[in-house]
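Asker: Questions regarding the structure given below will be posed in turn.
Every read-out reported here was derived from the displayed coordinates using simple, explicitly stated rules and does not represent laboratory data. Just so it is clear, the model here is predicted, and its values are computed rather than measured. Cβ sites come from the backbone with ideal geometry, for glycine too, and all protein chains shown count toward neighbours.
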Amino acid sequence: MFQKFQRNEVRLTDGEFAKRRNLIKTYLSEFNVERLLYTFKKNAGIPTEAEPLGGWESPECGLRGHFVGHFLSACAKMANSDSDSALRKKTEVIVEILSQCAVEGGYLSAFEESVLDELEKEENRNIWAPYYTLHKILQGLIDCYQLLGNEKALDLAVNLANYIARRFEKLSHWKIDGMLRCTKLNPANEFGGIGEALYQLYDITKDPSVLKTAQLFDRDYFLEPLYRGEDILEDLHANTHLPMILAAMHRYEITGEEKYRIAAENFYRYLKGRTFANGNNSAKATHFIPGGVSEASEHWGGYQKLQDALTGGESESCCAHNTEKIAEKLFLWTGDREYLDHIERLKYNAVLNSASRVSGLSQYHQPMGRGKTKKFSSKYNTFWCCTASGMEAMSEVQKNIWFRSGEEILVNMFVPSIVTWNEKGVMIEQKTAYPCESIVRYVIHAKQPISFRFLWKEERINCVKCNEEPVKLDYKNRYCFLERTFHDGDTMELELHSGFHLEELPGDENRVALLFDQILMAAIEKEASPGAVSDRNGESVSETITDPLHQECLNAFIARENLPGSPKVRWMPLYQVEDETYTVYIDRENREEGLDEGKEVKDGSHAY
């Protein structure tokens, strides 16, 4: 089976992935720690003169503290990948302050312990997702230990896990069931990926009590029907349940219980029937609450029934990041090409697309209907869940480009990068301007001759040259491959076979999306500034947007498919859109009624 490369074994060198990752690295580096930890200090009674943050990190918000956990994880991942001593030091400072804020007994948060008392009393009322926030804090501490060796972070994580265990030990079966049954629309008791984090902590400590606590969050109301092959996703809150699948997958890897693997595999099949052309999911619930979040966003509707899901609140960015993790694990289990294709589609069109080209900060929703615009987080006054998960996603955006297996190395995406294959003593540089050009170049760096096999998806390659001489590819299991002995300085050049195709919106054959390979295109109706992007202060960004594809080929395809307005509309990859007004799903019949209501979509805080 294939294995993934570690974050510090892959380095981005150029292109949009590298640029947006660098924007987030600057954001992390410049962020004031005192402002970041204001609510933790206030909750612990420690004086601070810092200015509090706004939005979901304000002192009044029930979810305060969640961003801090993501911030710690992102810093740890960047510091580990880049050997960045300044970011490492920043994590040490944050962990030290958190240790001062921890309560005897292990509790550590930006909100009072009485919030958990309220949850245990009311179960699904008057609180907003305290275990969601505790998960983010726990995960940040675990990442600091696993990636940077911070022993104090591990102590804090273990103490917090033990605190959680002691609280649950006092509760009855049905009290726990009520607290962790997230079947209502807009569930206030969403507990995020805390089960997955606890399984990670068990991997480190091998403490049976940590394993027992993790298993509390594997809920039978969700996993048992999936194991039996029942599609029960309709009307569930999407990003409450995606992390539960990740936890179930981790449980299978620890215990070997087939039930949890089968549940995850069945879940994925049902999820694909609720997936947009960008590879992501979540939209309105079928039986929504009028005026609530579930009317437009964050939930799953019926299988293959997305015809009324383009509300402007579809495709929550958090869901994209968790879906990529699920698809990645399924690929590592099976080696099935289906999951690679899904990862690539998500990577360009929902992960990269989530981040601003100007700030690197994230969208909450990723609209794909008619006449839409993107709305990104602000630096210090938003802090949605997707601000946090998007920042962390950019800190590790280099993952899933390369995989390895024995004597083989697999290229999943044509992203400029250098991979270090330590077991083979070789570095491979991938140079490309894809999708702007159809050529990909490789340079081999090796201390001595080395034999291995290169793999690519079979339909993608027209021809290959090694050291400027044509070579023949072999084919097997939907991959093409080249096997030979490589020497230091050897070069390869691929010419790609790329093209356009249309995909229908599930449930509406008259609405279609245009893709170039796995890259989702957007029709630009009105440009904010021809040929350039402006930042939020109206200042010009020096980089211009250029057509990424051969315009003649694009125009011919659009004309052949009779897409409306083809002579007047400019197309570009969705991930390149910043301020422009755009449309993804084109209506072939130019219907004017019943499409894209255009209401302002509320963020998740309005559910509570």
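Asker: For segment 90-97, what does the Karplus curve 6.51 cos²θ - 1.76 cosθ + 1.60, with θ = phi - 60°, yield as ³J(HN,Hα) per residue in whole Hz, taken in order and with x for Gly and Pro?
Answerer: 4, 4, 5, 5, 5, 4, 4, 5
Asker: Tell me, what is the FRET efficiency for Glu34 and Lys184 to the nearest 0.05, using R0 = 45 angstrom and their Cβ-Cβ distance as r?
Answerer: Details: r = 38 Å, r/R0 = 0.85.
Between Glu34 and Lys184 the formula returns 0.75.
Asker: Next up: What are the residues whose amide H is under 5 Å from the amide H of Tyr479, where those residues sit 5 or more places off or on another chain and H is modelled from the backbone?
Answerer: Glu458
Asker: How large is ³J(HN,Hα) for each residue in segment 362-372, as worked out from phi by the Karplus curve 6.51 cos²θ - 1.76 cosθ + 1.60 (θ = phi - 60°), to whole Hz, x for Gly and Pro?
Answerer: Once θ is set to phi - 60°, the couplings for segment 362-372 become 9, 7, 8, 9, 10, x, 9, x, 8, x, 9 Hz.
Asker: Name the residue from Ser114, Tyr163, Cys553 whose Cα lies farthest towards the positive end of the charge dipole of the chain, charges +1 on Cβ of Lys and Arg and -1 on Cβ of Asp and Glu.
Answerer: Checked the options; the winner is Tyr163.
Asker: OK, next. Would you mind getting me the FRET efficiency between His287 and Ser451? Use the beta-carbon distance for r and R0 = 60 Å, nearest 0.05.
Answerer: Numbers: r = 59 Å, r/R0 = 0.98.
The value I calculate is 0.55.
Asker: Scale the Cα Rg of segment 43-154 by the rule-of-thumb value 2.2 N^0.38 Å and send over the ratio, two decimals.
Answerer: Ratio of Cα Rg to 2.2 N^0.38 Å: 1.11.
Asker: Applying the Karplus parametrisation 6.51 cos²θ - 1.76 cosθ + 1.60 with θ = phi - 60° to the phi angles of segment 463-469, what ³J(HN,Hα) value in whole Hz is obtained for each residue in order, glycine and proline being reported as x?
Answerer: Values per residue, Gly and Pro as x: 7, 9, 10, 10, 6, 6, 10 Hz.
Asker: If the reach is capped at under 21 angstrom between alpha carbons, list the lysines near Lys284, excluding any in the same chain fewer than eight residues apart.
Answerer: Lys184, Lys272, Lys305, Lys372, Lys374, Lys375, Lys599, Lys602
Asker: Whole angstrom only: what separates the Cα centroid of segment 303-342 from the Cα centroid of segment 63-130?
Answerer: So the two Cα centres are separated by 28 Å.
Asker: I'd like to know which of Phe67, Leu98, Ala188 lies farthest towards the positive end of the charge dipole of segment 31-214, counting +1 on Cβ of Lys and Arg and -1 on Cβ of Asp and Glu.
Answerer: So the residue we want is Ala188.
Asker: Report the Cα centroid-to-centroid distance between segment 240-292 and segment 150-201 in angstrom, as an integer.
Answerer: Between the Cα centre of segment 240-292 and that of segment 150-201, the gap is 19 Å.
Asker: Could you check the spin-label model distance between Asn124 and Glu151? Points 7 Å from the Cα along Cα→Cβ, value in nm.
Answerer: 4.6
Asker: Which value at 222 nm does the chain reach when only helices count, each DSSP H run of 4 or more adding -39,500 (n - 2.57), with the total divided by all residues and rounded to the nearest 500 deg cm²/dmol? All intermediate terms of the calculation are to be shown ahead of the outcome.
Answerer: Numbers: 18 runs with 228 residues, N = 608.
The helix contribution divided over the chain gives -12000 deg cm²/dmol.
Asker: Next question. Please find the FRET efficiency linking Asn22 to Glu96, where r is the Cβ-Cβ separation and R0 is fixed at 22 Å, and quote it to the nearest 0.05.
Answerer: Working: r = 27 Å, r/R0 = 1.24.
For R0 = 22 Å, the calculated efficiency reads 0.20.
Asker: Here's a follow-up. If you put +1 on each Lys and Arg Cβ and -1 on each Asp and Glu Cβ, how big is the dipole of the chain around its Cα centre, in Debye rounded to 20? Can you show the working numbers first?
Answerer: Details: 72 positive and 93 negative charges, 137 e Å.
Computed charge dipole of the chain: roughly 660 debye.
Asker: Follow-up. Run the numbers for Leu502 and Glu169: contour at 0.36 nm per residue of separation, minus the present Cα-Cα distance, in nm.
Answerer: Numbers: separation 333, 0.36 × 333 = 119.88 nm, distance 5.38 nm.
Value of the extension gain: 114.5 nm.
Asker: Moving on to the next point. Points 7 angstrom from Cα along the Cβ direction at Asn8 and Glu253: gap in nanometres?
Answerer: Between Asn8 and Glu253, the label points sit 1.9 nm apart.
Asker: Right, something else. Positive end of the charge dipole of segment 70-223 (Lys, Arg +1 and Asp, Glu -1 on Cβ, about the Cα centre): tell me which of Gly178, Tyr221, Ala197 has its Cα farthest that way.
Answerer: Result: Tyr221, furthest along the dipole toward the positive end.
Asker: Out of residues 5 or more away from Trp384 or on other chains, whose amide H comes under 5 Å of its own, with H placed 1.01 Å from N in the peptide plane?
Answerer: So Trp384 has HN proximity to Trp56.
Asker: Rounded to two decimal places and with Rh computed the Kirkwood way over Cα pairs, what is Rg over Rh for the chain?
Answerer: Values: Rg = 24.0 Å, Rh = 25.1 Å.
On the Cα set of the chain, Rg over Rh gives 0.96.
Asker: Express the relative contact order of the chain as a whole percentage, based on alpha carbon pairs under 8 Å and six or more residues apart in sequence.
Answerer: Working: 1245 pairs, mean separation 87.6, N = 608.
Value for the chain: 14 percent.
Asker: How big is segment 127-286 on each of its three principal axes, counting only the C-alpha atoms and giving the largest first in Å?
Answerer: 45, 33, 28
Asker: How big is the C-alpha Rg of segment 92-219 next to the rule-of-thumb value 2.2 N^0.38 Å, as a ratio?
Answerer: 1.02
Asker: Right, here's the next one. What is the distance, in nm, between label points placed 7 Å from the Cα along the Cα-to-Cβ direction at Met1 and at Ala433?
Answerer: 4.1
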